[in-house]
Amino acid sequence: MTRGMKTFLIIIPVLLLVAVGILGLSLKTFKKNVSGCGCDFETATGNFDNKEATATFMGKEVTAPLTALPGAKVLPVLGQASADEKWIEVDLSEQKLTAWEGSNKFLESLVSSGKWGRTPTGEFRIWRKFKYAKMSGGRKENNTYYYLPNVPYTMYFYNGFSLHGTYWHNNFGQTMSHGCVNLPTLVAEKLFYWTTPTLPSDKNSVSASKDDPGTRVIIHD
């Protein structure tokens with residue numbers, strides 16, 4: 001075997017290792033950029049964190065919720081629509097959400113979808129719900145950094161993208177998020193208890209299952 005061939009055989013594995021490293025870093029960066037709200041699912045419990053008193057949005061400090069919200073009083077409603085009839089429509093062009101029971105409107109509200117990250121379009125299902133979630137992301141150098149503890153009534157519909165309540169702005173009708181759908185908190189609360197999977201009375205988080213699948217979410221331009 002010639003010296004050139006030996007050198008070639010040595011260099012090839014090194015180049016492959018470098019390529020794998022670059023690919024891994026790229027995938028990590030991609031995942032970070034498209035993860036939506038920036039929630040840590042491994043540590044999230046849905047519980048209110050009373051140690052968190054401040055939040056940051058667009059590089060500015062804002063006041064975080066100081067106390068947990070009261071539990072919802074969910075009463076049975078005569079003639080209430082079944083879970084299969086419920087679905088949520090988000091119109092990005094109008095920055096509007098409509099919750100439907102079949103062809104009947106349950107509620108309608110202005111929202112704020114992605115400005116610094118695009119809100120995904122398509123048909124999804126809510127796969128996990130947290131009564132409270134901590135979210136962080138963005139970049140300090142361009143004033144898009146955010147650190148938001150105790151985000152209320154969070155409903156994840158696609159990876160890290162969710163519908164959730166909002167306490168750091170009230171500019172609904174305008175894009176204001178990193179990809180999630182910001183809702184007025186009272187609207188988010190109604191949706192949280194209206195949608196499936198159903199939150200057990202003694203829990204603050206729940207995941208969709210075969211027996212309790214998530215409500216359908218359709219997002220379009």
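Taken together, the values in this text are just the output of simple stated rules run on the coordinates, not laboratory data. These numbers come from a predicted model, not from an experiment. A quick note on method: Cβ atoms are made from the backbone with ideal geometry, for glycine too, and the neighbour counts reach across all protein chains shown.
For the reader, a short list of remarks on this structure follows.
- Burial order of peptide ranges 95-101, 41-47 (average beta-carbon count within 10 Å, highest first): 95-101, 41-47
- Annotation: amide H-H contacts under 5 Å for LYS86 (H modelled 1.01 Å from N, sequence separation of 5 or more, or interchain): GLY102.
- Convex hull projection area averaged over all views, the range 92-221, Cα basis, nm²: 7.9 nm²
- Ordering of 126-132, 198-204 by burial proxy (mean other Cβ atoms within 10 Å per residue, highest first): 126-132, 198-204
- The simple spin-label model puts a point 7 Å past each Cα toward its Cβ; for TRP116 and ASP49 those points are separated by 1.8 nm.
- Charge dipole of the range 113-220 (Cα centre as origin; +1 on each Lys and Arg Cβ, -1 on each Asp and Glu Cβ, all else neutral): 180 debye, rounded to the nearest 20.
- Between the listed residues SER109, PRO197, GLY165, the Cα displaced farthest toward the positive end of the dipole of the range 104-213, a dipole computed from Cβ unit charges relative to the Cα centre, is found at GLY165.
- Karplus-derived 3J(HN,Hα) values for the range 136-145, using 6.51 cos²θ - 1.76 cosθ + 1.60 with θ = phi - 60°, are 8, x, x, 9, 5, 5, 10, 6, 9, 5 Hz; glycine and proline are entered as x.
- Computed 3J(HN,Hα) for the range 109-126, one whole-Hz value per residue from the Karplus formula 6.51 cos²θ - 1.76 cosθ + 1.60 where θ = phi - 60°, is 7, 5, 9, 10, 9, x, 10, 9, x, 6, 6, x, 10, x, 10, 9, 9, 4, glycine and proline marked x.
- Here the simple spin-label model places points 7 Å from the Cα toward Cβ, and for LEU107 and THR63 these points are separated by 2.4 nm.
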